[in-house]
Amino acid sequence: MESKYDTKYFQSLIGRAKLTENILKSIQNKSSGNDGKNYFNAILNCDTDIVYMNDFQFTFNSQVQIDKIVIDDHAIYLFEVKNYKGIYYLEDTLLKNNFGSSFTSPLIQMERARNEFNKLCHYLEIDKPVVSKLVFTNPYFNFKNKNLLKDQVILPSELGSLTQLFKNQNQSENQRIKQKLLTVRSSFDAQYNKGVTIPFEHIKPGIKCPRCNRMFTVKIEQDKQKCTCQYCENVMDKKYVYEYNLQELYYLKQEPFTITEAVWWLGGNSSSTIRRVCEQNFKSIGKRYKKFYI
């Protein structure tokens, strides 16, 4: 089975290296899921006050991966994002569709993740309720059991009111909680990696659009918080674009990176902004003048 690390590595390669046929097939199989997560990110980015994290991994009693975490004034929300297409229904512990496929319900994984995250919050002395929700992003998705799971599921038609769920009057406190969580963030995907075939020196640096995966199309202006992809015309928060591309640097390099490497990877843009993005969204190791980010 292909690991999550492999998936992220292959996705990060898009536009940055010559891809083999096998890698292209892997990317195509996983592209739908990433489209859904990028769409969810774009919705969150419409409200610049929302405090959130992507792909949060930690190990407490066991290894846990959470697609998105949003921290607001009253709760911490854990989101599992799916881009399924078709008619689905829940039967006992299985999620089934009209194509005849069935698999373990994501709700089981979500409950396990919520329980482990609650233990982590207790350890970190974070006193906020934890709410988990399953999000479906594909407009061609239909869920027959939606009335039974109304409080646990967000359907594509409900995404327009998603940001109204959050209250962010105390953003400094929410950022403080985020920084606490970042101290225990880890990446355990790499331990499953069986090796890759493309040397890092053959991979192109530069800014990629998180939505359309086109390289060198995002127009960065130093005095503006927003930036626009000149290809797909998606308007994004500049710090989110930096974070997305630095995550690709980490997966492609397969080891921690420095501020100097981050600035080089992002095309020599503002080092002060890039440093803030690293400090706010990545775990740091080492001392001041030899600090690395993961």
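Where a number appears in this text, it was derived from the coordinates with a stated rule and is not lab data. Only a predicted model underlies this, so the values are computations on that prediction, with no experimental measurement involved. A quick note on method: Cβ atoms are made from the backbone with ideal geometry, for glycine too, and the neighbour counts reach across all protein chains shown.
A few notes on this one:
- Scanning the chain for long hydrophobic helices, with DSSP H runs required to stretch 18 angstrom or more by C-alpha along their axis and to average at least -1.0 on the Kyte-Doolittle scale, returns 21-44, 106-124.
- Under 11 Å, Cβ to Cβ, from T59 - net charge with Lys/Arg +1 and Asp/Glu -1: 0
- Where (i) 19.1, 57; (ii) 32.8, 91; (iii) 18.1, 56 are the candidate values, the label of the one calculated here for Rg and Dmax of the Cα atoms in Å is (i).
- Student exercise, the chain dipole from Lys, Arg, Asp, Glu Cβ charges, in Debye to nearest 20: 560 debye
- For the pair R176 and S161, label points projected 7 Å from Cα toward Cβ lie 3.3 nm apart.
- Cysteines without a disulfide-compatible neighbour (Cβ-Cβ under 4.7 Å), the chain: C46, C121, C227, C278
- Dipole magnitude of the stretch 205-293 about its Cα centre (Cβ charges: Lys, Arg +1; Asp, Glu -1), debye to nearest 20: 260 debye
- Dipole orientation for the chain: of the candidates Y242, H74, Q152, Y242 has the Cα lying most toward the positive pole (charges on Cβ; Lys, Arg +1; Asp, Glu -1).
- Residues S62, S284, S12, ranked from the fewest to the most other C-beta atoms within 10 Å, line up as S62, S284, S12.
- Dipole orientation for the stretch 4-182: of the candidates N98, V131, N142, N98 has the Cα lying most toward the positive pole (charges on Cβ; Lys, Arg +1; Asp, Glu -1).
- When each of E255, E173 is scored by the number of other beta-carbon atoms lying within 10 Å, the sequence from fewest to most is E255, E173.
- In range of the label at N138: residues from the stretch 86-110 whose backbone nitrogen is under 17 Å from the point 7 Å along Cα→Cβ: 86-90, 95-107
- Residues L19, L134 arranged by fewest to most Cβ contacts within 10 Å: L19, L134
- Projecting label points 7 angstrom from Cα along Cα→Cβ for T258 and Q57 puts them 2.4 nm apart.
- Cross-linked pairs K82/K178; K8/K291; K37/K178; K224/K290; K68/K119: Cα-Cα separations exceed 26 Å for K224/K290.
- Between L94 and C46, the modelled label-to-label distance comes to 3.7 nm, taking each label 7 Å out from Cα in the direction of the beta carbon.
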